[in-house]
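Below: one structure, written as structure tokens.
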């Protein structure tokens, strides 16, 4: 690599070398923490600016599920996995709301940039592909935990519902893994989609069914063997089962296996997202 140096001379100035690097050569040799934090804060402020729509509305919608089921059951008090039905579905509703909003956030950023012609704001700054991916994912996870915290706080005041964690590490781990998984899927969707209908199709026909049919409202052990096998092939199932274990101490699947499986899935998804960003597929002309 050739480096051109110029020296400024003068009676009152020291010799100062001016280094000029060729175009396309990265000047920042390590992590650009300032740029990464700037993009992260940009994404957080974007959804927080309309928090009524991005945080409070999803929390209220999710809380309605709990209200409907508890009111519909009335005096009937079924137990699932040794706890009341309300205590059983509450953790599943919390993590379901977290995952859906993580996907909604990350699937919007690059897509709206492509539609509005502002994608250059993500491609031109001195940020590596890994730094862009980290910022987008972290912002989506932040929104997920904000929504989850809001739902949890509302459920804590709802009568006859216990949402006090028994295993706080499981709540944090599976909440993080589930949010990251949907955030990465959202980034992939944002790269692939060319209009909002494409992202909505993934949300309506992939994310929503996978979340609802993963044991949120029922115990998988009660299903027929064929449907049990289908449920165990759904990664959402391990997120909800492990997250629920953090609250009630019981799970439909081995907790350690689910924790390692979700970590592996997230590593694979992150590698795919990184490869797509590096290739510039559907992002660069």
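Applying 1/(1 + (r/R0)^6) with r as the Cβ-Cβ distance of residue 196 and residue 229 and R0 = 25 angstrom yields a FRET efficiency of 0.10. Kirkwood's formula applied to the C-alpha pairs of region 130-233 gives a hydrodynamic radius of 16.1 angstrom. Inverting the pair-averaged 1/r between distinct Cα atoms of region 192-251 gives 12.7 Å as its Kirkwood hydrodynamic radius.
May I ask you to compute the full-extension gain from residue 160 to residue 281, defined as 0.36 nm times their residue separation minus their alpha-carbon distance, rounded to one decimal in nm? List each step's numbers first, then the result.
On the way: separation 121, 0.36 × 121 = 43.56 nm, distance 5.08 nm.
Length difference between fully extended and current span is 38.5 nm.
Here the relative contact order of region 196-240, from alpha carbon pairs under 8 Å that lie six or more residues apart, stands at 40 percent.
With a cut-off of 8 Å between alpha carbons and a minimum separation of six or more residues, what is the relative contact order of the chain in percent?
Working: 376 pairs, mean separation 63.4, N = 285.
After rounding, I find 22 percent.
Can you tell me which of 232-243, 149-160 comes out highest on packing, and rank the rest after it, using the mean Cβ neighbours within 10 Å? Numbers along the way, then the final one.
Values: 232-243: 23.2, 149-160: 15.3.
Sorting 232-243, 149-160 by mean packing, highest first, produces 232-243, 149-160.
With contributions of -39500 (n - 2.57) from each DSSP H run of at least four residues, the per-residue ellipticity at 222 nm computed over the chain stands at -21000 deg cm²/dmol.
When each pair of different Cα atoms in region 32-279 is counted once in the 1/r mean, what is the Kirkwood radius in angstroms, to one decimal? Don't skip to the end; give the middle numbers.
Details: mean 1/r = 0.0539 Å⁻¹.
Mean inverse Cα-Cα distance, inverted, gives 18.6 Å.
Between region 48-66 and region 223-276, the alpha-carbon centres lie 25 Å apart. Computed packing ranks the peptides 42-51, 174-183 as 174-183, 42-51, most packed first, by mean other Cβ atoms within 10 Å.
Throughout, read-outs are computed from the coordinates displayed, never taken from laboratory work. Quick caveat, the model's predicted, so the values are computed rather than measured. Cβ sites come from the backbone with ideal geometry, for glycine too, and all protein chains shown count toward neighbours.
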